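**Q** Just passing along the structure, written as structure tokens.
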Amino acid sequence: QVQLVESGGGLVQAGGSLRLSCAASGSIISTNVMGWYRQAPGKQRELVAVITNIGTTNYADSVKGRFTISRDNAKNTVYLQMNSLKPEDTATYYCNARITYSPLLGGMNFWGKGTLVTVSS
């Protein structure tokens, strides 16, 4: 099967930076879109940023100019560089990827377990 494992979360002061990583492992044939979502307490999960396998990116308006998503296709890893962090960025950040691991099933959607980012004011 396929597993997504996030790392890099933690506590940071407002204005600081963090870099999240998410590595996909397992019997992977191909990885298409990879991305980051976040969920703050009491709120719905929302898109932060996504990137296709050819590098096309899309960002939520709230993070444009502050966050940068990138990926290493050889390592099946996606990154999220977060700069100028604000208290409202506090949330659990989840990695998402559309991965083909069986030629019979096509692309399937996988989620990581999440990593907590806390931004103090």
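The values are calculated or read from the model by the stated rules, or taken from the named source; none is laboratory data. Keep in mind that this is a model prediction, so the values were computed, not measured. Glycine gets a Cβ as well: all are built from the backbone with ideal geometry, and neighbour counts include every protein chain shown. Please note that ligands, DNA and RNA were not included when accessible areas were found on the heavy atoms of the full protein model with its side chains. Shrake-Rupley method; radii C 1.70, N 1.55, O 1.52, S 1.80 Å.
**Q** Dipole of the chain, Cα-centred, from +1 at each Lys and Arg C-beta and -1 at each Asp and Glu C-beta, to the nearest 20 debye?
**A** Value, rounded to 20: 20 debye.
**Q** Turning to a different aspect of this structure: Among 44, 81, 13, which one shows the biggest mean-square fluctuation in a GNM of the chain, springs joining Cα atoms closer than 10 Å?
**A** Largest GNM mean-square fluctuation: 44.
**Q** If I stretch the segment between residue 39 and residue 52 completely, what's the gain in nm (0.36 nm per residue apart, minus their alpha carbon distance), one decimal?
**A** That pair, residue 39 and residue 52, stretches by 2.5 nm at full extension.
**Q** Cut-off 10 angstrom, C-alpha nodes, Gaussian network model of the chain. Which of 42, 26, 107 fluctuates the most?
**A** Result for the chain, Cα springs under 10 Å: 42 fluctuates most.
**Q** Another one. How would 36, 111 rank on accessible area, largest to smallest, probe 1.4 Å? Each step should come with its number before you reach the end.
**A** Values: 36 0, 111 105 Å².
Largest to smallest exposure gives the sequence 111, 36.
**Q** Moving to a separate point now. Over all directions, what mean area does the Cα convex hull of the chain project, stated in square nanometres?
**A** Dividing the Cα hull surface by four gives the mean projection, 7.1 nm².
**Q** Now a separate question. In nm, what is the difference between 0.36 nm times the number of residues separating residue 29 and residue 72 and their Cα-Cα distance? Please list the in-between numbers first.
**A** Working: separation 43, 0.36 × 43 = 15.48 nm, distance 1.51 nm.
Gain on stretching residue 29 to residue 72: 14.0 nm.
**Q** If you build the Cα gyration tensor of region 70-112 and take the root of 5 times each eigenvalue, what three semi-axes come out, in whole angstrom, biggest first?
**A** 28, 13, 5
**Q** Compare 59, 94, 79 in a GNM of the chain, Cα atoms joined below 10 Å, and give the one with the largest fluctuation.
**A** 59
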